[in-house]
1. Return a yes/no flag: does the stretch 100-116 have any residue that is surrounded by fewer than 22 Cβ atoms within 10 Å (Cβ to Cβ), in contact with a Leu (Cβ under 6 Å, 6 or more places away or on another chain) and acidic (Asp, Glu).
2. Suppose we keep only residues that are more than 20 Å from residue 43 (Cβ to Cβ) and touching an Asp or Glu at 6+ places or on another chain (Cβ under 9 Å) within the stretch 208-224. Which one would you say is surrounded by the fewest Cβ atoms within 10 Å (Cβ to Cβ)?
3. On the basis of being closer than 17 Å to residue 137 by Cα and of a type outside the set (Asp, Glu), does residue 42 make the cut?
4. Do the conditions hold for residue 192, that is, is it surrounded by 15 or more Cβ atoms within 10 Å (Cβ to Cβ) and either in contact with a Cys (Cβ under 6 Å, 6 or more places away or on another chain) or within 16 Å of residue 223 (Cα to Cα) (or both)?
5. In the stretch 130-146, what residues are surrounded by fewer than 17 Cβ atoms within 10 Å (Cβ to Cβ) and in contact (Cβ under 8 Å) with a residue 40 or more places away in the chain?
6. Just to verify a result, which residue in the stretch 61-93, among those that are more than 21 Å from residue 131 (Cβ to Cβ) and acidic (Asp, Glu), is surrounded by the most Cβ atoms within 10 Å (Cβ to Cβ)?
7. Report, by residue number, each residue of the stretch 116-144 that is at pLDDT below 95, assigned to a loop (DSSP other than H, G, I, E, B) and more than 19 Å from residue 62 (Cβ to Cβ).
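The values are calculated or read from the model by the stated rules, or taken from the named source; none is laboratory data. Note that the structure is a prediction, hence the values are computed from the model and not measured. Virtual Cβ from ideal backbone geometry, glycine too; neighbours counted across all protein chains shown.
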Amino acid sequence: MHRALPIRFPALAIALLAAAGCATPGPNHLYTISSAHSGVIRDTGPAETVEVPSFITADEVLTGLAYDPYTDHLFLRLAPGNRIRVIDRPDRSIKREFTIPELASMGGGDLAVRPRDGHLFFTCPVENFVIETDRFGKFIRRLELEGSNGWTLAIAYDPVRNRLLLATSGAYAALRIHDLDGKLLRTADFPFRRTTSLAYDADKRELHAAVLGEPGVVVLDEQGQLLRKAPAGDPFDFIDLGQRSFVRVF
C-alpha cells in the first residue's frame, strides 16, 4: 500500500490562483497624495495608515493617481501628461517608467486602471476622448465620448459594470457615465466644480472624490448626490480606492 502524501491546501490554492492570473480581494484601502507633500502616498487601510514613497522630485508635477489591485501597483501620471511612473507598493520601489507618445500634447489629466487586464484610461482635459493603453503604455485606441463637451476633471473605472465615470466642468459641473464604446449611459449634476480626482467603490456604487478646499474624502452616489464627507487627515489632491489583493499578478 502506498502512503498518501498530505495536501497543503493553502499553498495549493495560492499556486492555482497565481497560475490562473487571478487576484484574491482583501480589504479596501484608500490611496491619497497631495501636491504639497507629493513625495509620499498615504495608504489608509482598516487598521492603520502607512506611507509609500512616490519618488516625485521637486521639478516634477503629479496630475493623476491610479491603483491596480491585481498587481498592487500605483500608477502616477506626471506633467506634461505623457509620463507614467509605476510604484510597486509592497516593495516600495519604482517598478518601471515610460512615456506615451499619443499623450505628448495633452497637458496633463487624470487616469484610471481596469484591474482585470491592467489597461489604463487617460483623460485629455479639453478633448472629448479618452486614450486607452495596456499597463506598459502601448497604445490601444482612442475612445470617443458621446455628447462630451467642456473640461474633463477626473476619471474612475467601474470594474463590475465596465463603465467609465467622469467628472466634467463646462456650462455646469456634471457626472458622466460612459460604456467602453464611448456611449453616454447617464449624466447627472455634480456639486463640485473643483474636483481633482475620482475613485469608485463598485460594491457600494459610491464615488469618492478629492475636491480642492475639502479636507477629506467627498462621497457621492451615481446621481451626484452628496452622501457624506469623510475626513482623511491632511488635504490631498489625488485619490484612488482598491481592495488589497492577497495574491498578486506580475
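1. Applying the first criterion (surrounded by fewer than 22 Cβ atoms within 10 Å (Cβ to Cβ)) to the stretch 100-116 yields 100-102, 104-108, 114-116.
Applying the additional criterion that residues be in contact with a Leu (Cβ under 6 Å, 6 or more places away or on another chain) yields none.
Checked against the condition, which is being surrounded by fewer than 22 Cβ atoms within 10 Å (Cβ to Cβ), in contact with a Leu (Cβ under 6 Å, 6 or more places away or on another chain) and acidic (Asp, Glu), the stretch 100-116 yields no hits at all.
2. 223
3. On the way: closer than 17 Å to residue 137 by Cα: no; of a type outside the set (Asp, Glu): yes.
Spelling it out, it is not the case that residue 42 is closer than 17 Å to residue 137 by Cα and of a type outside the set (Asp, Glu).
4. Details: surrounded by 15 or more Cβ atoms within 10 Å (Cβ to Cβ): yes; either in contact with a Cys (Cβ under 6 Å, 6 or more places away or on another chain) or within 16 Å of residue 223 (Cα to Cα) (or both): yes.
So residue 192 fits the description; yes.
5. The answer is 136, 142.
6. 72
7. Scanning the stretch 116-144 gives 116, 126, 127, 128.
So that you can scan it fast, the table gives a plain yes or no per residue for (1) in contact (Cβ under 8 Å) with a residue 40 or more places away in the chain; (2) closer than 21 Å to residue 164 by Cβ:
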{"residue": "50", "(1), (2)": "no, no"}
{"residue": "53", "(1), (2)": "no, no"}
{"residue": "58", "(1), (2)": "no, no"}
{"residue": "78", "(1), (2)": "no, no"}
{"residue": "84", "(1), (2)": "yes, yes"}
{"residue": "92", "(1), (2)": "yes, no"}
